[in-house]
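> What follows is a single structure, and I will ask about it in a moment.
Any read-out appearing in this document is the output of simple, stated calculations on the displayed coordinates, not a laboratory observation. As the structure is a computational prediction, the values presented were derived from the model and not from experiment. Neighbour counts are summed over all protein chains in view; Cβ atoms, including those assigned to glycine, are modelled from backbone coordinates with ideal geometry.
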Amino acid sequence: MKITIIGTGYVGLVTGVGLSELGHTVYCVDTDEEKIKLLEHGKEPFFEPDLGRLLKKNIKAKRLFFTKSLKDVLNKTSFVFICVGTPQKRNGSADLSYLFEAAEQIKKLSIGGKIIIIKSTVPVATGDKMESILNESNNAHFEVASCPEFLREGRAIYDFFNPDRIVVGSKKYSLCLRILNLFAKIKTHKISVSRETAELIKYASNAYLAAKISFINEIGNICEHVGANVDDVANGMGLDKRINPHFLKAGIGYGGSCFPKDVKALKYLSSDGGYNFRLLRAVIEVNNKQRKLFFNKIKNHFGDLRNKKVALLGLSFKDNTDDIRESAAIDIANNLIKHGAKLYCHDPRAMENAKKVLKKKVEYSACAYDIMDGAEALVIATEWPQFSALDWKRIKKLMKYPIIFDGKNILDKQLLIRLGFKIINMGK
Ligand code: UDX
């Protein structure tokens, strides 16, 4: 099949690369000229495992193309995936201007008969609005469907080929089947529902996962009072198949470009419809509080943070990505700077992005050991697995005081205590 993808962010690019790998001919469109040039040369604009390899492979196979001009490709294709950003507005609602801009552009070209598939995360009933914009004039007719994306950053390529389910929403069952057929080679649960249902499945899934994280963080906070261990509690809970062990990792709360935005958007959507979604309010409140609780542990240890040399491992919002959007690590870094600490940071991938927001207020090092030299405390704020494998004997010799604040509970506490470290965790 021939497919157009509008927007080459995480969702668009991974979808484009994935669909071309499945054998389709894919044209990716973006207004960012520099990005298009980069992509044409097989260079990925952000770090995502395996993306670069598949990008180059499919460009070479002449199944994957990049362009700034929608006009040049729209008439060649039958399916158009809309994968533009839906950022958060000040009031928490989703900003749909990029989405509607894309609709206007498609409409202007007046090439009807296309199937428009919304992959961007959008509030319920956005499909209806898209349909009325696109079909305002009688020149051309467009079908609009919803096909929400569930990929995780850092595991996006894996998730594309191994999804837990593919959801398509449309008024017409036959249209759902045509879209699901694009993914015929992927064996998974495939469900066709109404467009509104598909839109809500995405929000409900993200909100539920966020709620699971806030729940375990609350349990962790109780653990600290009663002398229990949150990892062991989560393990004991997760063995119950009805609960499952995923998304029960306590720490400094969730970040990223999706959970914070989507949970707030669902809360807004509910209150806009006159419904008070009490649980979501609590999910957000707990998440905001969690990073503050962690920072207070560091602050209380020092009393006065001024001129204290602090090493910070991790800047991205989670492991395996260079993305720092809504990263708890960046918040903690900012708070440490604000309180006068001298901050030395390391992240395997996110330092270039972090420099854009933290600027020169901190020192960066490509070597994790360099930041430990003379450090009076070490803070871990991202769950990069390689941090656990560092040479802790060496670090013990480098640090001035061997105290670690492990905000993601990733280190082997017993081992480090044996080496002479003091470890402060979340929920233990
Ligand atoms: C999420 C959803 O998982 C994905 O389905 C959706 O399409 C987009 O949003 P992503 O934001 O890439 O994906 O990352 P995810 O792995 O879900 O983690 C989100 C945040 O939650 C991270 O900050 C992570 O550190 C945190 N987290 C995750 C926890 O604190 N505890 C956990 O147990 C799991």
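> Based on alpha-carbon centroids, what's the gap between segment 91-149 and segment 1-55 in Å, whole number please?
About 21 Å separates the Cα centre of segment 91-149 from the one of segment 1-55.
> Then there's this: When the helices in the chain are scored as -39500 (n - 2.57) per DSSP H run of 4 or longer and the sum is shared across all residues, what 222 nm value do you end up with, to the nearest 500 deg cm²/dmol?
My calculation for the chain gives -13000 deg cm²/dmol from helical runs alone.
> Only sites in a loop by DSSP and with at most 13 other Cβ atoms within 10 Å count here; which trypsin sites (Lys or Arg not before Pro) in segment 150-199 make the cut?
Here the trypsin sites (Lys or Arg not before Pro) that fit, given the DSSP loop and packing criteria, are 172, 185, 187.
> Can you give me the distance in nm between label points at residue 232 and residue 91, each placed 7 Å from the Cα along the Cα-to-Cβ direction?
For residue 232 paired with residue 91, the spin-label model returns 4.9 nm.
> Helix 51-60 against the longest principal axis of the chain: what's the angle in degrees, Cα atoms only, rounded to the nearest 10?
Between helix and principal axis, roughly 30 degrees.
> Taking the Cα centre of the chain as origin and charging only Cβ (+1 Lys, Arg; -1 Asp, Glu), how large is the dipole, in debye to the nearest 20?
Charge dipole, the chain, about its Cα centre: 480 debye, nearest 20.
> Shifting gears a bit: By how many nm would the segment from residue 186 to residue 391 lengthen if fully extended, with 0.36 nm per residue of separation less the alpha-carbon distance?
So the extension gain works out to 69.7 nm.
> Sticking with this one: Please give the net charge around residue 232, taking every other residue with its beta carbon less than 15 angstrom from that of residue 232, where Lys and Arg add +1 and Asp and Glu add -1.
Neighbour charge sum, excluding residue 232 itself: -1.
> May I pose another question? Give, in nm to one decimal, the length gained when the segment between residue 100 and residue 297 is fully stretched (0.36 nm per residue of separation minus the Cα-Cα distance).
That pair, residue 100 and residue 297, stretches by 66.4 nm at full extension.
> If amide hydrogens are placed 1.01 Å from N in the peptide plane, which non-local residues have theirs closer than 5 Å to the one on residue 405?
Close amide H contacts, sequence-distant or interchain: 378, 379, 380, 424.
> Arrange the peptides 399-411, 218-230, 122-134 so that the one whose residues have, on average, the most other Cβ atoms within 10 Å appears first.
Result, highest mean Cβ count within 10 Å first: 399-411, 122-134, 218-230.
> Would you compute the Debye intensity of the chain from its alpha-carbon atoms alone, equal scatterers and no solvent, and pass along log10 I(q)/I(0) at q = 0.08, 0.10 Å⁻¹ to two decimals?
-0.50, -0.76
> So which GluC sites (Glu not before Pro) in segment 1-89 pass both tests, a DSSP loop state and at most 10 other Cβ atoms within 10 Å of the Cβ?
none
> Something else now. Can you tell me the FRET efficiency between residue 418 and residue 138 if r is taken as the Cβ-Cβ distance and R0 is 60 Å, rounded to the nearest 0.05?
FRET efficiency, residue 418 to residue 138: 0.20.
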